[in-house]
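The values are calculated or read from the model by the stated rules, or taken from the named source; none is laboratory data. Not measured: the values here are computed from a predicted model. As a convention, Cβ positions derive from the backbone with ideal geometry for all residues, glycine included, and neighbour counts pool all protein chains shown.
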Amino acid sequence: MQGDPRDKIPATERWLEATLFASRWLMAPFYLGLVLALAALLVVFAGELATELSHVLNMTPEGAILMGLSLIDLSLAGNLLLIVIFSGYENFVSKLDVGDRNDRPVWMGTVDFTALKLKLISSIVAISAISLLRSFLKIGDEPLDEAALKWRVIVHLTFVTSGVLLALMDLVSSRSRRH
């Protein structure tokens, strides 16, 4: 009869590996902090909604579009936090055991680190695009700050370029693993 191969590993090495493996739980407070950030974002969203709705009767079509874009922006930031919380916890700490719930998001448990990177950069690009669109829609309301607008475009294009490069690197990496 053969013994367990782990019996041949020195006790110090087993202890070190167990400690390193358990250290993943040090990430749990980070995810709890992100839950608090999500709650704070909800408070800001509710405040923005209440403020904007109080002016709805005097709102111009451009103002209504700006209100919608602001709320979409906050919603995307909330989605981004939720993706990081769920997938980060599942990829780096432990599986979420919520049973066979009908309301479990379809992507939950299937987002690996590569997919997480792409979802993050996609969300950041979308948030940046909305911010840029809001800037263009406000041009008639405020004096035009060409330098600030130029930098927003540059930052947005940097995010887009980063996203494309990340996607290309992942494509090349996946093709090389297949061969």
Query raised in the report: Restricting attention to region 17-29, which residues are without any contact (Cβ under 8 Å) to a residue 12 or more places away in the chain and surrounded by 12 or more Cβ atoms within 10 Å (Cβ to Cβ)?
Result: E17
**Report entry** Conditions (1) touching a residue at least 12 places away in the same chain (Cβ under 8 Å); (2) among the charged types (D, E, K, R); (3) surrounded by fewer than 12 Cβ atoms within 10 Å (Cβ to Cβ); number of the one not met by D97
**Finding:** (1)
Requested in this report: Looking only at region 57-77, count how many residues are surrounded by fewer than 16 Cβ atoms within 10 Å (Cβ to Cβ) and under 23 Å from L32 (Cα atoms).
Outcome: 1
Report task. Any chance you could count how many residues in region 31-63 are in contact (Cβ under 8 Å) with a residue 24 or more places away in the chain and not hydroxyl-bearing (S, T, Y)? Result -> 10
Query raised in the report: Quick one: would you say A167 is within 14 Å of the chain's Cα centre (by Cα), surrounded by 15 or more Cβ atoms within 10 Å (Cβ to Cβ) and either over 24 Å from V43 (Cα atoms) or not aromatic (F, W, Y) (or both)?
Result: no
Query - Hits in region 61-89 - residues which are of a type outside the set (A, V, I, L, M), over 20 Å from the mean Cα position of the chain (by Cα) and modelled with pLDDT of 85 or more - result: G68
Query raised in the report: Residues of region 124-151 being within 27 Å of L81 (Cβ to Cβ), of a type outside the set (A, V, I, L, M, F, W, C) and at pLDDT 85 or above, which ones?
Result: S128
Query - Condition check for T110: at pLDDT below 80, touching an Asp or Glu at 6+ places or on another chain (Cβ under 7 Å), within 23 Å of Y89 (Cα to Cα) and not acidic (D, E) - result: no
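Residue by residue, here is whether (1) assigned to a helix (DSSP H, G or I); (2) among the polar types (S, T, N, Q) holds:
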{"site": "E90", "(1), (2)": "yes, no"}
{"site": "D100", "(1), (2)": "no, no"}
{"site": "V111", "(1), (2)": "no, no"}
{"site": "S135", "(1), (2)": "yes, yes"}
**Report entry** Options F86, F92, F113; residue that is buried (at least 17 other Cβ atoms within 10 Å of the Cβ) and of a type in the set (F, W, Y)
**Finding:** F86
